Amino acid sequence: MCACFFLLSCDQENFVTITGDFKNMENVLVTLRFDNKVLKTDTVKNGKFEMLVKLPNNRLFSLSFLDTEIRTVKGIPTRNLPFINAFTGDKEVKISIVADSIQGLFRFGNYKVLGSSKNQIEYNNYQSLIKKDSENNQAKFNILSKKQDEALLAKNDSLYTLYTDSLRFQEQINKTSHHKIIRDFIANHPNSHVSMYLLSKRSDLKSNLAFYQLLYNKADRKYRKSWYGLYFAKRVEQLEKLKEKYIKKLEVDAFDVNGLRFNYGKYTNSKLIIFDIWATWCVPCMEDMPAALKLAKELESKSVSYVFLSYDFNDKYWKQQIQKLGQINSYYLSNETRKFLNEALVVTTIPRYMILNNKGEILVLDAPSPSSPGLKKLIESML
């Protein structure tokens with residue numbers, strides 16, 4: 001039987017053998033789900049389980065693990081219920097799950113998914129990148145938190161405020177930085193069923209439609225015509241029909257170092273406008289600044305304007321810093337525009353890079369960073 005959605009063509013099916021090799025686990029109920037349907041169950045006995053199930057090729061499925069041991073957390077009875085994802089291949093495959101305990105099966109836990117398919121190897125690599133990103137974000141948060149404590153002990157109010165603001169935005173980055181990892185993975189692995197799966201699930205597809213279409217078009221026909229590839233194409237088709245309804249003009253209330261207001265009329269000869277939303281206290285913003293300044297200069301010959309929009313809360317310090325940086329087309333945002341960006345466009349983290357036309361209509365709400373080759377490629381594809 002083949003499960004089809006939106007009348008998409010169906011992939012072939014093959015048998016998948018799934019085994020578990022667990023320590024310190026007994027009588028755990030293992031459930032295999034595909035497309036939110038339970039296809040198979042088994043119970044861990046003597047630290048092992050085994051399933052043989054027929055699944056479509058090149059698709060993701062999940063395994064959940066229900067612990068028989070009931071624990072009490074804050075007076076509420078609860079059980080361990082972790083789950084993991086795995087990928088089928090082009091033919092019959094064997095997948096083995098290895099873990100020391102049921103706690104080790106939680107996300108980024110101490111477990112391994114061993115599989116004979118290329119898809120599973122790629123999915124494991126993708127998961128490793130996400131795990132590393134989470135660890136790096138946590139390390140940055142810990143460093144900023146330590147510096148905040150030191151500023152508090154030193155009674156340095158300005159530094160304390162600086163690190164408090166940085167911590168607040170680092171918390172937001174921790175929640176959203178996986179988007180960049182996913183985009184880079186897709187760009188680096190165009191001919192991959194895992195990339196097609198990630199494309200099909202993008203929650204920010206509407207705001208970054210042109211960028212994701214560019215990545216999709218790089219893939220060979222085999223992958224574009226796979227189940228996930230066709231699902232992505234169907235989502236794009238639906239969004240294209242609604243495109244006129246969701247394009248928004250970004251009204252910007254901001255002033256430059258001389259007090260002159262931002263005006264789109266200044267950029268009527270520009271084919272595109274790049275908005276770089278940043279702040280002097282934002283560590284990731286400053287890390288990407290050299291690449292941003294370099295790209296801004298390169299784009300001048302292509303009639304593309306690169307505009308810096310500051311999220312700073314102190315315009316005096318902002319003026320000092322942009323002179324040191326040598327920024328051109330740099331503006332200080334009003335509170336009203338910051339509020340609009342936060343609430344209407346859900347710009348909750350910076351840096352943020354947008355691509356607009358010279359009328360101020362948003363073409364790409366969340367573009368790659370200037371330190372990534374993806375931004376320059378995306379801009380060139382839109383000229």
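Here is how the numbers come out for the structure above:
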item	result
Meets criteria (touching a residue at least 12 places away in the same chain (Cβ under 8 Å), more than 30 Å from residue 199 (Cα to Cα) and open to solvent by less than 80 Å² (accessible area, probe 1.4 Å)) for residue 232	no
Filter result (modelled with pLDDT of 85 or more and within 20 Å of the chain's Cα centre (by Cα)) within the stretch 346-363	350, 351, 352, 353, 354, 355, 362, 363
Options 351, 368: the member that is open to solvent by less than 60 Å² (accessible area, probe 1.4 Å), of a type outside the set (D, E, K, R) and touching a Cys at 6+ places or on another chain (Cβ under 8 Å)	351
Subset of the stretch 210-228 [closer than 15 Å to residue 374 by Cα and touching a residue at least 12 places away in the same chain (Cβ under 8 Å)]	210, 211, 212, 213, 214, 215, 216, 218
The stretch 184-209, residues that are touching a residue at least 12 places away in the same chain (Cβ under 8 Å) and assigned to a loop (DSSP other than H, G, I, E, B)	189, 190, 191, 192, 202, 204, 205, 206, 207, 208
Extreme residue, surrounded by the fewest Cβ atoms within 10 Å (Cβ to Cβ), among residues of the stretch 60-100 that are of a type in the set (Asp, Glu) and either modelled with pLDDT of 90 or more or under 18 Å from residue 43 (Cα atoms) (or both)	69
Checking residue 290 against (1) exposed (fewer than 15 other Cβ atoms within 10 Å of the Cβ); (2) modelled with pLDDT under 85, the condition it does not meet	(2)
The stretch 43-61, subset part of a loop (DSSP other than H, G, I, E, B) and out of contact with any helix residue (DSSP H, G or I) (no Cβ under 6 Å at 6 or more places or on another chain), residue farthest from residue 89 (Cα to Cα)	46
One residue from 127, 170, 103, 138 being within 21 Å of residue 369 (Cα to Cα) and either open to solvent by 80 Å² or more (accessible area, probe 1.4 Å) or at pLDDT 85 or above (or both)	138
Residue under evaluation residue 327, criteria (1) surrounded by 15 or more Cβ atoms within 10 Å (Cβ to Cβ); (2) assigned to a helix (DSSP H, G or I); (3) polar (S, T, N, Q), criterion not met	(2)
Of all residues making up the stretch 11-28, the number that are within 17 Å of residue 111 (Cα to Cα) and either surrounded by fewer than 18 Cβ atoms within 10 Å (Cβ to Cβ) or charged (D, E, K, R) (or both)	5
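Each row is one residue, and each column tells you yes or no for (1) open to solvent by less than 30 Å² (accessible area, probe 1.4 Å); (2) touching an Asp or Glu at 6+ places or on another chain (Cβ under 9 Å).
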position	(1), (2)
263	no, no
300	no, no
308	yes, yes
312	yes, no
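The values are calculated or read from the model by the stated rules, or taken from the named source; none is laboratory data. Small disclaimer: the values here were computed from a predicted structure and weren't measured. Cβ coordinates were reconstructed from backbone atoms using ideal geometry, including for glycine residues, and neighbour counts include every protein chain displayed. Heads up: the accessible areas ignore ligands, DNA and RNA and are worked out on the full protein's heavy atoms, side chains in. Shrake-Rupley method; radii C 1.70, N 1.55, O 1.52, S 1.80 Å.
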